[in-house]
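K.L.:
Quick one: structure below, then a few questions.
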Amino acid sequence: MSADMTPAISVRNLSVRYRETEALNGVGFDLPEHALAAIIGPNGAGKSTLLKAMLGFIPAVSGEVRFFGQPLAAARREIAYVPQRAEIDWDFPIDVLQTVLLGRLAHLPFWRRPGKAERKLALDALEAVGMQAFVDRPIRALSGGQQQRVFLARALVQEARLYLFDEPFAGVDATTEQAIAQVFRQLRDEGATVVSVHHDLSTVDEYFDHAILLKRELIACGPLAQAFTPASIQRAYGGRLAALHGMAEGHG
Ligand code: ADP
Ligand code: MG
């Protein structure tokens, strides 16, 4: 990266503890703008914690995080975040269109309610994710994949410069997975930076161009050819991946 290019995300020495668990230890990396990056690592590696700590939802023991060269407070409105499905209250009595419109609130002055322009944006976003036929449905009545698409639409209307997703592909059908991957590419092509926690190593090459490998500590960050290598995957997953792929037979 040349010196005049400010990274989309710059993390230095980020450490997070939950009582007795050290979730992140001295994590640091720079992610260039316009990257489409997968955060990869085994269960409990601190992937969700990294996103939450970067966004200030949980306190860090140490560390500095900058977005586009600015502290979080100055960049917050340029960032869209979609948490893991399990962390969203799906019983909230709200329909699909309202859910998507919520994504636009940060752009409106507090006295203004969403109007025609916001509605148009929301409907366009729902069309982009193939959910235009579900506008009036309660969010809780949708399937997991449909809910995930609605939250993708909600992120889209934010017209953010940086999108952060936590396992958006978990529990969705193949069609939804393709739709989400397509939206990621489109966002990147339109100039945004996209970062997504991803658990399926077999689709990293197809869906992403950068990888951030994590196992409490940073293992690698960079373009796939540099960061998503057998050596770094081995360091992140160790014997568990070898066992999964039946490579552990030699007891090496
Ligand atoms: P990942 O998303 O990579 O699976 P997490 O960031 O969710 O990992 O968790 C990292 C570690 O921190 C795990 O050991 C997990 O059990 C622990 N942890 C996560 N959230 C909490 C919490 N709220 N309280 C205590 N420990 C937590
Ligand atoms: Mg997680």
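K.L.:
Filter the range 215-227 down to the residues that are crowded, with 18+ Cβ neighbours inside 10 Å, more than 14 Å from ligand 1 (Cβ to nearest atom) and hydrophobic (A, V, I, L, M, F, W, C) and list them by number.
P.N.:
220, 221, 227, listed by residue number.
The rows are residues; the columns are (1) surrounded by 14 or more Cβ atoms within 10 Å (Cβ to Cβ); (2) under 16 Å from the mean Cα position of the chain (by Cα); (3) outside any strand (DSSP E or B).
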residue	(1), (2), (3)
7	yes, no, yes
10	yes, yes, no
17	yes, no, no
25	yes, no, no
33	yes, yes, yes
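K.L.:
In the range 47-76, how many are touching a residue at least 60 places away in the same chain (Cβ under 8 Å) and touching a helix residue (DSSP H, G or I) at 6+ places or on another chain (Cβ under 9 Å)?
P.N.:
Residues in the range 47-76 being touching a residue at least 60 places away in the same chain (Cβ under 8 Å) and touching a helix residue (DSSP H, G or I) at 6+ places or on another chain (Cβ under 9 Å): 6 in total.
K.L.:
Give the residues of the range 53-89 that are within 13 Å of ligand 2 (Cβ to nearest atom), surrounded by fewer than 20 Cβ atoms within 10 Å (Cβ to Cβ) and under 13 Å from residue 14 (Cα atoms), sorted by residue number.
P.N.:
58
K.L.:
Out of curiosity, is residue 183 under 30 Å from residue 105 (Cβ atoms), modelled with pLDDT of 95 or more and either within 16 Å of ligand 1 (Cβ to nearest atom) or under 16 Å from the mean Cα position of the chain (by Cα) (or both)? So that I can check it myself, show each step before the final result.
P.N.:
Details: under 30 Å from residue 105 (Cβ atoms): yes; modelled with pLDDT of 95 or more: no; either within 16 Å of ligand 1 (Cβ to nearest atom) or under 16 Å from the mean Cα position of the chain (by Cα) (or both): yes.
Taking the combined requirement at face value, the residue does not satisfy it.
K.L.:
Look through 9, 88, 94 and report the one residue that is among the β-branched types (Val, Ile, Thr) and at pLDDT 95 or above. Steps first, please.
P.N.:
On the way: 88 fails: at pLDDT 95 or above; 94 fails: at pLDDT 95 or above.
Among 9, 88, 94, only 9 is among the β-branched types (Val, Ile, Thr) and at pLDDT 95 or above.
K.L.:
Moving to a separate point now. Could you pull out the residue among 122, 170, 181 that is assigned to a loop (DSSP other than H, G, I, E, B) and aliphatic (A, V, I, L, M)?
P.N.:
170
K.L.:
Anything in the range 56-106 that is of a type in the set (Phe, Trp, Tyr), in contact with an Asp or Glu (Cβ under 9 Å, 6 or more places away or on another chain) and within 15 Å of ligand 1 (Cβ to nearest atom)? List them, or say none. If you could, list the steps in order and put the result at the bottom.
P.N.:
Going residue by residue through the range 56-106, those that are of a type in the set (Phe, Trp, Tyr) are 57, 67-68, 81, 90, 92.
Still in the running and in contact with an Asp or Glu (Cβ under 9 Å, 6 or more places away or on another chain): 67-68, 81.
Result: 81, single match.
K.L.:
Something else: Taking only the range 131-147 into account, find how many residues are surrounded by 13 or more Cβ atoms within 10 Å (Cβ to Cβ) and outside any helix (DSSP H, G or I). Explain how you work it out, then say what you get.
P.N.:
Kept after step one, since they are surrounded by 13 or more Cβ atoms within 10 Å (Cβ to Cβ), are these residues of the range 131-147: 131-132, 134-135, 137-140, 142, 144-147.
Still in the list and also outside any helix (DSSP H, G or I): 131, 135, 137-138, 142.
Qualifying residue count for the region: 5.
K.L.:
I'm checking my understanding of the structure. Among residues of the range 103-134 that are within 23 Å of residue 170 (Cα to Cα) and in contact (Cβ under 8 Å) with a residue 24 or more places away in the chain, which one is farthest from the chain's Cα centre (by Cα)?
P.N.:
134
K.L.:
Can you confirm whether residue 172 is among the β-branched types (Val, Ile, Thr) and buried (at least 23 other Cβ atoms within 10 Å of the Cβ)?
P.N.:
Values: among the β-branched types (Val, Ile, Thr): yes; buried (at least 23 other Cβ atoms within 10 Å of the Cβ): no.
No: the conditions fail for residue 172.
K.L.:
Would the range 95-107 turn up any residue that is within 18 Å of residue 192 (Cα to Cα), basic (Lys, Arg) and touching a strand residue (DSSP E or B) at 6+ places or on another chain (Cβ under 6 Å)?
P.N.:
no
K.L.:
Scan the range 37-52 for residues that are touching a Ser or Thr at 6+ places or on another chain (Cβ under 8 Å) and more than 11 Å from ligand 2 (Cβ to nearest atom) and jot them down. Write out each step before concluding.
P.N.:
Let us first name the residues in the range 37-52 that are touching a Ser or Thr at 6+ places or on another chain (Cβ under 8 Å), namely 37-39.
Hits for the range 37-52 are 37, 38.
K.L.:
Quick one: how many residues across the range 116-139 are more than 15 Å from residue 98 (Cβ to Cβ) and in contact with a Ser or Thr (Cβ under 9 Å, 6 or more places away or on another chain)?
P.N.:
Qualifying residue count, the range 116-139: 2.
K.L.:
Another question, then. What single numbered condition from (1) among the β-branched types (Val, Ile, Thr); (2) within 13 Å of the chain's Cα centre (by Cα); (3) away from ligand 1 (no atom under 15 Å from the Cβ); (4) over 15 Å from residue 81 (Cα atoms) fails to hold for residue 212?
P.N.:
Just one mismatch for residue 212, condition (3).
The values are calculated or read from the model by the stated rules, or taken from the named source; none is laboratory data. Just so it is clear, the model here is predicted, and its values are computed rather than measured. Positions of Cβ are backbone-derived with ideal geometry, glycine not excepted, and every protein chain shown enters the neighbour counts.
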